[in-house]
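Here is the structure we will look at.
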C-alpha cells in the first residue's frame, strides 16, 4: 500500500532523468547530423583552398578568393539554419522541463482558478 506513495516520485525521476537525458542525446546526434548534412565541417576544413581545385597559373589567387566568398555565404546560411534548429530545441526542452510542473498545478486545482479568475 505504501508503494503507491512513491509512484509520483518515480514518475518525476523517470521524467527528468531518462526523458530529458534521452532528449538531449537525441538533440546532440541531430545537430551533428544536420551539420554533416549541410557540409559545415567540410566547408570549414576547405575554407582557404581554391574553388574546384583550380591550380593554373594566374587563376589560383582568384579561385581562392572567390571560393572564400562563396564558402562564407554558404557557412552563414548554414549557421542561420543551425541557430534556428537550436532555438527550436531549447523551446522543446523548456516545454519538457515545465510539463510536469504544469500537470501538478492542474492536478492540484491551481489551473482552474487561473482559468476562471476574471
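Return the residue satisfying two criteria in turn: it lies in region 33-72 and is closer than 26 Å to residue 90 by Cα and loosely packed, with under 12 Cβ neighbours inside 10 Å, and of such residues it is nearest to the chain's Cα centre (by Cα).
Going through the qualifying residues, I end up with 33.
Restricting the first residue to region 52-69 and requiring it to be on the phi > 0 side of the Ramachandran plot, which pairs with a second residue that is at pLDDT 80 or above meet a Cβ separation below 9 Å and a spacing of at least six or different chains?
Correct list of pairs: 52/63; 52/67; 53/63.
Residue by residue, here is whether (1) in contact with a helix residue (DSSP H, G or I) (Cβ under 9 Å, 6 or more places away or on another chain); (2) closer than 13 Å to residue 72 by Cα; (3) assigned to a loop (DSSP other than H, G, I, E, B) holds:
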| residue | (1), (2), (3) |
| --- | --- |
| 18 | no, no, no |
| 22 | no, no, no |
| 28 | no, no, no |
| 33 | no, no, no |
| 42 | yes, yes, no |
| 52 | yes, no, no |
| 56 | yes, no, yes |
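Please state which of the following conditions residue 20 fails to meet, knowing it meets all the rest: (1) at pLDDT 95 or above; (2) surrounded by 12 or more Cβ atoms within 10 Å (Cβ to Cβ); (3) under 18 Å from the mean Cα position of the chain (by Cα).
(1)
The values are calculated or read from the model by the stated rules, or taken from the named source; none is laboratory data. As the structure is a prediction and not an experimental result, all values here were calculated from the model. Note that we place each Cβ from the backbone using ideal geometry, even for glycine, and neighbour counts take in every protein chain shown.
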